[in-house]
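What follows is calculated from the coordinates using simple rules that are stated; it is not laboratory data. Not measured: the values here are computed from a predicted model. Heads up, the Cβs are rebuilt from the backbone with ideal geometry, glycines too, and the neighbour counts pull from every protein chain shown.
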Amino acid sequence: DTGVSQNPRHKITKRGQNVTFRCDPISEHNRLYWYRQTLGQGPEFLTYFQNEAQLEKSRLLSDRFSAERPKGSFSTLEIQRTEQGDSAMYLCASSFSQTSPLHFGNGTRLTVT
Amino acid sequence: KQEVTQIPAALSVPEGENLVLNCSFTDSAIYNLQWFRQDPGKGLTSLLLIQSSQREQTSGRLNASLDKSSGRSTLYIAASQPGDSATYLCAVVDGDSNYQLIWGAGTKLIIKP
């Protein structure tokens, strides 16, 4: 399967701990996106990369959130000092260009207790 | 600021019926519109992408139309099946949002056997 892969599928953590998620996009896609989704809502944009450059970051993203894509391939999203409000599904997506279809992974569901 | 609305939020129909899902957007200056399907606890699957210059796209039993001037898109599902049960989301790309997807909240569709 050459789709977008996300790990882990589920993460349960205690408030105050740090967590890191990984996304492996489709290999020929140079654009990679991170979204957050809560129940009954559409995805909320967090940040995106073109190759290794992080081109935009949502104003909703606090300083506790950081994302990297060091070699323009896989990406990581780290949340420091997690809060209960961080509980959500974190989705990664990739695309070939800015107006081509977006392909999503199955997401990482984070539960902060 | 672009806003995307999907009405109704939920829809339940008997198997075999043809149905239409609606998506409206406030700014007609879009690059494309994309319809997605999301199964519970999963990521999103791209169904159809309509470029701004197109009026419709078809894939199997699905047909998506786009009327930019009125700010509307519809997703038509023919001969619905229980396996079509999912949440359907639409999203638009516009230049003012730096080519980011602006999402509707989705329509939860239930097909009753």
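Quick look at the numbers
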read-out: Residues of the stretch A:47-67 with amide N under 11 Å of the 7 Å Cα→Cβ point at A:Asn18; value: A:66
read-out: Contour excess over end-to-end distance, with Cα ends at B:Glu3 and B:Ala78 and 0.36 nm allotted per residue; value: 24.2 nm
read-out: 25 Å Cα-Cα reach of B:Lys1 towards lysines, excluding residues that sit fewer than 8 places from it in its own chain; value: A:Lys57, B:Lys68
read-out: Chain A, relative contact order [Cα under 8 Å, separation at least 6], %; value: 37 percent
read-out: Overall Cα dimensions of the stretch B:47-113, principal axis frame, Å, largest first; value: 43, 22, 18
read-out: Length added when fully stretched, B:Ala105-B:Ala10, from 0.36 nm per residue minus Cα-Cα; value: 33.1 nm
read-out: With at most 16 other Cβ atoms within 10 Å, longest stretch of chain A clear of loop trypsin sites (Lys or Arg not before Pro) (DSSP); value: A:16-58
read-out: Virtual spin-label span in nm between B:Lys42 and B:Ser59, 7 Å along Cα→Cβ; value: 1.3 nm
read-out: Relative contact order [Cα under 8 Å, 6+ residues apart], chain B, whole percent; value: 37 percent
